[in-house]
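The values are calculated or read from the model by the stated rules, or taken from the named source; none is laboratory data. Just so it is clear, the model here is predicted, and its values are computed rather than measured. As a convention, Cβ positions derive from the backbone with ideal geometry for all residues, glycine included, and neighbour counts pool all protein chains shown.
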Amino acid sequence: MKVIDKSKLPPGPKPKISLMNLLRFRKDSLGFLKDISKEFGDIVHFRMGPLRVLLLNHPEYIKEVLSTQQSNFVKGRPLEMAKELLGEGLLTSEGEFHKRQSRVIQPAFHRKMMGSYAPAMTEYAARLMESWEEGKSVDMMQEMIKMSTGIAGKTMFNVDMEEEAPEINKALDSVMSLFDRVSLPFAEFLLKLPLPGTIRFFRAKSRLDETIYRIIEERKRSRLNNGDLLSLLLQDQEEGGMSDEQIRDEALTLLLTAFDTTSLALTWTWYLISQHPQVEAELHEELDRVLKGRMPTLEDVTLLKFTRMVFSEAMRLYPPIYIIARQAVHDFSIGGYELPADTIVLMCPYLIHHDSRFHSKPEIFNPHNWEDRPGGQHPRYEYFPFSEGPRACIGQHYAWLEGVMVLASIAQSWKVKLVPDHPVEIAQLLNLRPKHGMKMQVFRRK
């Protein structure tokens, strides 16, 4: 067993009770990480039960792990439980296998494909608006999930999944409730016990599998090849590549990440707009000037600069991926410290996005923070809502397009207001979800 030179380890909390760090992390992961970075600096070492953990809270150190030294880091243990649901999809696979799958799937998310996706994005936004009535109270999170599920189903699989959205989201909630335990030592053994949460997890997995395998079989019978994601996966199978199980893994991974990530980003965007009337007024002015009452098209996206700034700023405050975890394959050095193999490295876009060293007045929602930035972007690793480096989210251009198209489609016709006294709290699961949903009233613009 290798002896660790503790003099070369970074500083960090050393509670008398060995599991105290784990309990604090599970109770409030963001609060815990914020507290220890404030006390110990940008490189913090601590134990969570049997796990050795390193928190990096500076863009230069994060770049080392996600880019410069990325070959030494895998997703490893932090996503072992995710494999129980997603199998060997892009989110969980590693090495050469991941690179191969990326090459197969990448064309579905190439910029040139965005033009074929844009009409579906405005179509499902229009469907949603048709269901609204003046002054109606809605759970905006559920509305965005339903709409984004429809968009993901149409663009990736050429099927209408909008009616299945409530069941899919219910299954996803069951899955998320078990993922909340992913930080527990030996968490993988939970799946071997007949606990209520474990039973719900496997029922939810079966429900999602049923949907995906049905879509695969229907496409095989139709033999449609329109260049979408499912077409690419089935074409690869015909050429001797993926099995049905692997197609299922990739399809389910991309479906869930596509609708869950974008729907939550939009939910928080609507909340922030409702709390900032001046931002809402500027947004409406741009939409009226550019669109003049018609639905947006792909060509409008470059003209909707403030709309994109609003969406960008919302994802700064509420990044879809708020904690990124990697596991070291070999010993490594960073910031003058030496860490052993198997160390779990945590990087928190939420903390970086809320750090005054990198963002002016970081707690304030101000889309104008983006107007003086080259290309409307902060430097990489100071703003990375979809991660960065070779393992960054493959569908981030898709997510950006959907965010801008949906925001423009709806905001030009409707205003949203938070229902009075509705509590807004963050549920820290695999992503940042409104703990109590997002109850809002919708009103037609006069």
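Is it the case that some residue within the stretch 204-216 is aromatic (F, W, Y), under 22 Å from L90 (Cα atoms) and either at pLDDT below 75 or surrounded by fewer than 14 Cβ atoms within 10 Å (Cβ to Cβ) (or both)? No, because not a single residue in the stretch 204-216 is aromatic (F, W, Y), under 22 Å from L90 (Cα atoms) and either at pLDDT below 75 or surrounded by fewer than 14 Cβ atoms within 10 Å (Cβ to Cβ) (or both). I145 satisfies every condition listed in (1) of a type in the set (A, V, I, L, M, F, W, C); (2) part of a helix (DSSP H, G or I); (3) at pLDDT 95 or above; (4) over 14 Å from G395 (Cβ atoms) except (3). Across the stretch 281-317, the qualifying residues are those that are surrounded by 18 or more Cβ atoms within 10 Å (Cβ to Cβ) and of a type in the set (D, E, K, R), and the one among them that is nearest to A120 (Cα to Cα) is D300. Residues in the stretch 65-77 that are surrounded by fewer than 21 Cβ atoms within 10 Å (Cβ to Cβ) and either on the phi < 0 side of the Ramachandran plot or hydroxyl-bearing (S, T, Y) (or both): S67, T68, Q69, Q70, S71, N72, V74, K75, R77.
No other residue among E167, E123, E163 is modelled with pLDDT of 90 or more and acidic (D, E) apart from E123. Here D331 passes the criteria (1) crowded, with 17+ Cβ neighbours inside 10 Å; (2) more than 15 Å from Q428 (Cβ to Cβ); (3) without any contact (Cβ under 8 Å) to a residue 60 or more places away in the chain except the one numbered (1). Under the condition of being more than 15 Å from P10 (Cα to Cα) and at pLDDT 95 or above, the residues counted in the stretch 34-65 number 8. Between Y350, Y398, Y383, the distinction of being buried (at least 16 other Cβ atoms within 10 Å of the Cβ), in contact with a Lys or Arg (Cβ under 7 Å, 6 or more places away or on another chain) and within 15 Å of P320 (Cβ to Cβ) belongs to Y383 only.
The single residue among L266, L254 that is surrounded by 23 or more Cβ atoms within 10 Å (Cβ to Cβ), farther than 14 Å from F311 by Cα, out of contact with any strand residue (DSSP E or B) (no Cβ under 6 Å at 6 or more places or on another chain) and in contact (Cβ under 8 Å) with a residue 60 or more places away in the chain turns out to be L254.
Determine, yes or no, whether I352 is part of a loop (DSSP other than H, G, I, E, B) and within 19 Å of the chain's Cα centre (by Cα). It is false that I352 is part of a loop (DSSP other than H, G, I, E, B) and within 19 Å of the chain's Cα centre (by Cα). Which pairs turn up if I take residues in the stretch 89-118 that are within 29 Å of Q327 (Cβ to Cβ) and touching a residue at least 12 places away in the same chain (Cβ under 8 Å) and look for partners that are among the hydroxyl-bearing types (S, T, Y) and part of a loop (DSSP other than H, G, I, E, B) with beta carbon separation below 7 Å, at least 6 apart in sequence or on another chain? So the pair list comes out as Q101/S93.
Give just the number: which of (1) assigned to a loop (DSSP other than H, G, I, E, B); (2) small (G, A, S); (3) at pLDDT 95 or above does G240 not satisfy? The one condition G240 does not meet is (3). On the basis of being crowded, with 16+ Cβ neighbours inside 10 Å, touching a residue at least 24 places away in the same chain (Cβ under 8 Å) and closer than 15 Å to S274 by Cβ, does Q441 make the cut? Criteria met by Q441. Given (1) under 22 Å from P119 (Cβ atoms); (2) free of Cβ contacts under 8 Å to residues at least 40 places away in the same chain; (3) not in a loop (DSSP other than H, G, I, E, B), identify the lone condition not met by R289. Going through (1) under 22 Å from P119 (Cβ atoms); (2) free of Cβ contacts under 8 Å to residues at least 40 places away in the same chain; (3) not in a loop (DSSP other than H, G, I, E, B) one by one, R289 breaks only (1).
Taking the stretch 313-333 as the range and being under 23 Å from L91 (Cα atoms) and out of contact with any strand residue (DSSP E or B) (no Cβ under 8 Å at 6 or more places or on another chain) as the test, only H330 passes. Once the stretch 1-33 is narrowed to residues that are of a type in the set (A, V, I, L, M, F, W, C) and outside any helix (DSSP H, G or I), the residue that is modelled with the lowest pLDDT is M1. Is it the case that I410 is farther than 29 Å from K292 by Cα, at pLDDT 95 or above and among the hydrophobic types (A, V, I, L, M, F, W, C)? In short, no. Criterion applied to I426, I410 was being surrounded by fewer than 20 Cβ atoms within 10 Å (Cβ to Cβ) and in contact with a Leu (Cβ under 9 Å, 6 or more places away or on another chain), and the one residue passing it is I426.
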